[in-house]
Amino acid sequence: MISTTYSDAILSAFDYLLKNYPEVFVLGQGLWSPWYVGNTMKNLDKKYGKDRIIDTPVSESACTGAAVGASICGMKPIIVHPRMDFMLYAMDSIVNQAAKWSYMFGGQLNAPVTIRSIINRGGSQGAQHSQALHSWFAHIPGIRVVMPSTVQDARDLLISSVLCPDPVIYIDDRWLYEQTADLKPIKETPLNDVTPKCLKEGDQITIVGSGYSTLLALNASKKLHSDGVRAEVFDLRVINPFNSINILDSVLKTKRLLVIDSGWKSCGMASEVITSIVENIPTNTLIDPPRRITLPDCPAPSSEVHEKDYYPNEEKIIKFINDEYYF
Amino acid sequence: MISDGGKKVLEDPNYIFAKLNISQIEHSYLEDFLMSMSVIRAAEIKIAEAKKNGLIKGPVHLGVGQEAIAVGVSKNLRNTDRIFGAHRSHSHVLGVDNDLHKLFAEVLGKNTGFSSGMGGSMHLASKSKGFLGSVPIVTGTVPLAVGAGLASKLQKSGDIAISYLGDGATEEGVFHESLNFARVSNIPILFVVENNLFSSHMHMSLRQPLNTINRFAKAHEIETKLVDGNDVVEIYRTSSEFIRRMRLKPEPYLIEAITYRWFGHVDWREDIDVGVARSKKDLLNWKKRDPIKRLSDAMINKKIWTIEKQHNLDLKVDELIHANWEKALHDDFPDRKSLLDNVYKYD
């Protein structure tokens, strides 16, 4: 086994899909650029040709719509949005069209498009280059939302997303790109079989994350472990449709729930996780109130001073747990 | 052919229109056009009545008066082509799939409809005939149709995409993005703009500096032609030539067809003098440009059709409407248990 980075894992998923599925093609801005999407798309245009790897005009709306339309016609397109913020131009094609195409026509047609949307935060990029809007999309019935946090999932869930007969938004966070792991051989897994996964076992508190938040939770929990705190860490992986069953079992065991989310607090994914657990457990199960660590409810600031306060990190999570809980 | 000088008058209710030039068109084609337009007309009038008397629950956008466009274009299509419509698309789906029962069942919300009763008038599809969907978000399907054309190009199938849209849709930004992307990627798509001069209640003159939109095609280097949207033969000839070329060499084209809807924006009312710049006088003038009567007259004039044959055709259409409507009325609604079906393709 060869150690692989998260970004190389994405690249290897593209390579696998393009090699094995002639109906797969990729479009989006920056695909012929050597720097636009990290090295996650590197040289794909040279290997598979500019017919299948299409760098597009600055038209998020039309190009996303085109990917949706091509998917209705038997192709498996992947539309890449190097920053989620710009994808908002394409909301009609995603929310009104792709998400509803199967339902509106009684299942006669479907739109198996994959929308790769990249979260690209920090670096003083400010309010319009740093958003994590996964919770928005998780609100919409008909669109699956996938957030890989591990290197293995970065590769495997991209493959599952593209092979899924439903529209999928696959969200990767550039802060995860340097993670490394030894990957198992590729085994195609139906996206339906992908549920929240326990990454670390413990019996005192259940910490739930998605994407980069899972990494934070995992790192914080490892450090807490040396202080004697036994945290169980769950990675959501697929946030819509959301299956809470594994987490529910965990909370019944640990009796404490903390959710870490890279989005805002109000109406966010953390609220959804907490609600779906609380409404399904007996009253008085929890020793402590369910809690969440999210972004503060303000746009991403540009100043590095503000940024330090804005984003959750390992130290903040450890401090929060030490301050809020008595095990 | 509409000359440059004709452009100004084509959208004028007082425009003096010429007799249809039906030369060099097979008689069987002309009869097909007549039948197809008559069926669409009668179906929509039936739907208007049923909406008025409350049998149909959802909104219906009727295109009575505009039948020639879909009928003329559809004659060039095959089942593997990819057609997308919008909110006013009864004619677009019937143009390629004349299953009246399925249309009636759908507008009545019955499970035997085009979309299994899940769509109603505004969400129609007939996959086996290449009609891949119509939706009521203005311009919503235009980029999808571009993608369908792109798929066809990648699949090297020789199939083409058709995007039906109205004049209002040309005011959305994504229309312009779609034209640009189609051109720069050489996508085999025919944009068919049905310019009926109104978006809801608003006349073109209140929304755009000109009453025609083909300038947008020119801006994106897309070959275009302005045609009389109430002349089925002209529409057939123009689309036939464009589609022939698209199948040989993938490229986008745009047809602008000037027409007029006899009903208001939605449902059965005529919307006379309740909208802006839509008068009874204008409507009566436009009705003189009836695409069905013009074709019938031209055929009778050329002695390839008779008043008796026309009468028989009308009777046949009435029977078709009646039989299919009654059948649809007696069909079942979707099972209540199916509410959550097909949100996802696999559960």
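Kindly provide the set of residues from segment A:194-215 that are without any contact (Cβ under 8 Å) to a residue 40 or more places away in the chain and open to solvent by 50 Å² or more (accessible area, probe 1.4 Å), ordered by number.
A:GLU201, the sole residue that qualifies.
Being more than 8 Å from chain A (Cβ to nearest Cβ), at pLDDT below 95 and under 18 Å from the mean Cα position of the chain (by Cα) narrows it down to one of B:SER200, B:SER205, B:SER157, so name that one.
Residue meeting the stated conditions: B:SER200.
Return yes when B:ASN186 is surrounded by fewer than 21 Cβ atoms within 10 Å (Cβ to Cβ) and either part of a loop (DSSP other than H, G, I, E, B) or touching a residue at least 24 places away in the same chain (Cβ under 8 Å) (or both) and no when it is not.
So B:ASN186 passes the test.
Could you check segment B:18-55 and list, in sequence order, the residues that are charged (D, E, K, R) and not in a helix (DSSP H, G or I)?
The answer is B:LYS19, B:GLU26.
If B:THR80 passes every condition in (1) in a helix (DSSP H, G or I); (2) over 16 Å from the mean Cα position of the chain (by Cα) but one, which one does it miss?
With respect to (1) in a helix (DSSP H, G or I); (2) over 16 Å from the mean Cα position of the chain (by Cα), B:THR80 is out only on (1).
What number of residues within segment A:266-294 are under 17 Å from A:ALA217 (Cα atoms), charged (D, E, K, R) and part of a loop (DSSP other than H, G, I, E, B)?
0
For segment A:45-64, give me each residue that is in a helix (DSSP H, G or I), at the interface with chain B (Cβ under 10 Å from one of its Cβ atoms) and among the charged types (D, E, K, R).
A:GLU60, the sole residue that qualifies.
Give B:THR170, B:THR212 a once-over and let me know the one that is among the polar types (S, T, N, Q) and in contact (Cβ under 8 Å) with a residue 60 or more places away in the chain.
On inspection, the qualifying residue turns out to be B:THR212.
Scan segment B:206-224 for residues that are surrounded by 22 or more Cβ atoms within 10 Å (Cβ to Cβ) and in a helix (DSSP H, G or I) and report the count.
Counting residues in segment B:206-224 that are surrounded by 22 or more Cβ atoms within 10 Å (Cβ to Cβ) and in a helix (DSSP H, G or I) gives 1.
Give the number of residues within segment A:241-263 that are in a strand (DSSP E or B) and either modelled with pLDDT under 95 or among the small types (Gly, Ala, Ser) (or both).
Number of matching residues: 2.
Consider B:ARG247 carefully, then state whether it is over 19 Å from the mean Cα position of the chain (by Cα), open to solvent by 20 Å² or more (accessible area, probe 1.4 Å) and free of Cβ contacts under 8 Å to residues at least 24 places away in the same chain.
It is false that B:ARG247 is over 19 Å from the mean Cα position of the chain (by Cα), open to solvent by 20 Å² or more (accessible area, probe 1.4 Å) and free of Cβ contacts under 8 Å to residues at least 24 places away in the same chain.
Could you list, in sequence order, all residues of segment B:3-16 that are modelled with pLDDT under 80 and open to solvent by 40 Å² or more (accessible area, probe 1.4 Å)?
Residues satisfying the conditions are B:SER3, B:ASP4, B:GLY5, B:LYS7, B:LYS8, B:VAL9.
Check whether at least one residue in segment A:15-32 is assigned to a loop (DSSP other than H, G, I, E, B), within 14 Å of chain B (Cβ to nearest Cβ) and open to solvent by less than 20 Å² (accessible area, probe 1.4 Å), and report yes or no.
Within segment A:15-32 (the criterion being assigned to a loop (DSSP other than H, G, I, E, B), within 14 Å of chain B (Cβ to nearest Cβ) and open to solvent by less than 20 Å² (accessible area, probe 1.4 Å)), the answer is yes, since at least one residue qualifies.
I'm trying to understand the selection: among the residues of segment A:209-230, which are charged (D, E, K, R) and either modelled with pLDDT of 95 or more or in a helix (DSSP H, G or I) (or both)?
Correct list: A:LYS222, A:LYS223, A:ARG230.
Which residue, of B:VAL233, B:VAL227, is farther than 14 Å from B:VAL64 by Cα, part of a strand (DSSP E or B) and among the β-branched types (Val, Ile, Thr)?
Every option except B:VAL227 fails the conditions.
State whether the residues of segment B:297-307 include one that is free of Cβ contacts under 8 Å to residues at least 60 places away in the same chain, assigned to a helix (DSSP H, G or I) and not β-branched (Val, Ile, Thr).
The answer is no, given that none of the residues of segment B:297-307 is free of Cβ contacts under 8 Å to residues at least 60 places away in the same chain, assigned to a helix (DSSP H, G or I) and not β-branched (Val, Ile, Thr).
Cβ-Cβ distance below 8 Å, separation of 6 or more or different chains: which pairs start in segment A:132-154 with a residue that is within 12 Å of chain B (Cβ to nearest Cβ) and end on one that is of a type in the set (Ser, Thr, Tyr) and part of a loop (DSSP other than H, G, I, E, B)?
A:GLY142/B:TYR344; A:ARG144/B:TYR344
Of all residues in segment B:83-114, which are of a type in the set (Phe, Trp, Tyr) and either assigned to a loop (DSSP other than H, G, I, E, B) or within 11 Å of the chain's Cα centre (by Cα) (or both)?
Scanning segment B:83-114 gives B:PHE84, B:PHE114.
Condition first: touching an Asp or Glu at 6+ places or on another chain (Cβ under 7 Å) and not aliphatic (A, V, I, L, M). Now tell me which residues in segment B:39-64 satisfy that.
Listed by number, the residues that qualify are B:ARG41, B:LYS51, B:PRO59, B:GLY63.
Filter segment A:147-171 down to the residues that are in a strand (DSSP E or B) and over 17 Å from A:ASP15 (Cα atoms) and list them by number.
Result: A:VAL168, A:ILE169, A:ILE171.
Any idea which residue in segment B:306-347 is farthest from the other protein chains (Cβ to nearest Cβ), counting only those that are open to solvent by less than 20 Å² (accessible area, probe 1.4 Å) and under 24 Å from B:LEU34 (Cβ atoms)?
Of everything passing the filter in segment B:306-347, B:LEU313 is farthest from the other protein chains (Cβ to nearest Cβ).
From the set of residues in segment B:115-138 that are open to solvent by less than 10 Å² (accessible area, probe 1.4 Å) and assigned to a loop (DSSP other than H, G, I, E, B), which is farthest from the other protein chains (Cβ to nearest Cβ)?
Once the filter is applied, the top-ranked residue is B:GLY130.
Scan segment A:155-193 for residues that are surrounded by fewer than 19 Cβ atoms within 10 Å (Cβ to Cβ) and polar (S, T, N, Q) and report the count.
Selection size over segment A:155-193: 4.
The values are calculated or read from the model by the stated rules, or taken from the named source; none is laboratory data. On a predicted model such as this, the values are computed, not experimentally measured, just so you know. Positions of Cβ are generated from backbone atoms using ideal geometry, with glycine treated the same way; all protein chains shown enter the neighbour counts. Note: accessible area is taken over every heavy atom of the protein model, side chains too, but ligands, DNA and RNA are not part of it. Shrake-Rupley method; radii C 1.70, N 1.55, O 1.52, S 1.80 Å.
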